[in-house]
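The values are calculated or read from the model by the stated rules, or taken from the named source; none is laboratory data. Since we're looking at a predicted model, the values are computed, not measured. Glycine gets a Cβ as well: all are built from the backbone with ideal geometry, and neighbour counts include every protein chain shown. For accessibility, only protein heavy atoms count, side chains too; no ligands or nucleic acids. Shrake-Rupley method; radii C 1.70, N 1.55, O 1.52, S 1.80 Å.
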Amino acid sequence: MSRVYFIADLHLGHKNICKFRPQFSSVEHHDSYVVKQILETCGKRDTIYLLGDCFFTENSLWYLKIMRESIGQIHLVLGNHCSENGRRQSYIKTMLSEGLIDNIHGLVSYKGCWLSHAPIHDSELRGKFCVHGHTHSVIVDDSRYFGVSCEQLDYKPINFQEIIKALKNESL
């Protein structure tokens, strides 16, 4: 059975990540832990949506290659750090040219939800929920939003069915 998972804000290769995630002793420790959590959760028949701010260096694409070998489909929703400079823009081109991801989106509609990096304005929800990253450990206090930043998920991707269950229970 195939499943669909979500996670955001991997920050792989982010040289200052340990300042923000002090439980990790080094960038390498951080990166290997995050990828291990993803690989232990997602399999060959699964799909994962990475909701932005995932790959900060060319070396961090090595982790994407490992994920590509183990996960059925990988979709990237661009975040605020994804294309902030020419180097990161080139990583996106590499991801596409080497077949490391299946699709790149800025904002995508998926089964009654908007998938975005940052929470979209409530006037743009148009009756849908918003699954997002960007806020890290800050939880948006609105039952129409569901954050999937690493910090909010204990660094493990979350299954779409769990998200829908939580959103529908909150909005009753």
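How much length is gained if the chain between Q161 and L107 is pulled fully straight, taking 0.36 nm per residue apart and subtracting their Cα-Cα distance, in nm to one decimal?
Residue separation times 0.36 nm, minus the Cα-Cα distance, leaves 17.4 nm.
Based on the Cβ-Cβ distance of D154 and R126, what FRET efficiency does E = 1/(1 + (r/R0)^6) give at R0 = 35 Å, to the nearest 0.05? Please list the in-between numbers first.
Values: r = 31 Å, r/R0 = 0.89.
Approximately 0.65, to the nearest 0.05.
Across S60, S116, S90, mean-square fluctuation computed from a Gaussian network of the chain (C-alpha pairs under 10 Å connected) peaks at S90. Here's how it looks for V108: its modeled amide H is under 5 Å from those of L115, which are all 5 or more places away or on a different chain.
Within the straight-line cut-off of under 17 Å between alpha carbons, the aspartates and glutamates reachable from K156 are D9, D31, E40, D46, D53, sequence neighbours fewer than 8 places apart in one chain being disregarded. In this structure, the residue pairs whose Cα-Cα separation is over 21 Å, taken from K36/K65; K65/K165; K36/K128; K44/K65; K36/K168; K44/K93, are K65/K165; K36/K128; K36/K168; K44/K93. Rounded to the nearest 10 degrees, the inclination of helix 27-41 to the longest alpha-carbon principal axis of the chain is 50 degrees.
For the chain, with all protein chains in place and a probe radius of 1.4 Å, 50% of the accessible heavy-atom surface sits on carbon or sulfur. Using the 1.4 Å probe convention, the accessible area of the stretch 25-145 works out to 49 Å² per residue with neighbouring protein chains retained.
If you take every DSSP beta bridge whose two residues both sit in the stretch 64-142, what share of them, in percent to the nearest 5, is antiparallel? Beta bridges within the stretch 64-142, antiparallel portion: roughly 30 percent. Looking only at N103, N159, N16, which one moves most when the chain is put into a Gaussian network model with springs between Cα atoms under 10 Å? Answer for the Gaussian network model of the chain: N16.
The length gained on full extension between I92 and K19, counted as 0.36 nm times the residue separation minus their Cα-Cα distance, comes to 23.7 nm. Placing unit charges on the Cβ atoms only, positive for Lys and Arg and negative for Asp and Glu, gives the chain a dipole magnitude near 320 debye about its Cα centre. For the stretch 14-74, a Kirkwood hydrodynamic radius built from all Cα pairs, placed in the Stokes-Einstein relation at 25 °C and 0.890 mPa s, yields a translational diffusion coefficient of 200 µm²/s.
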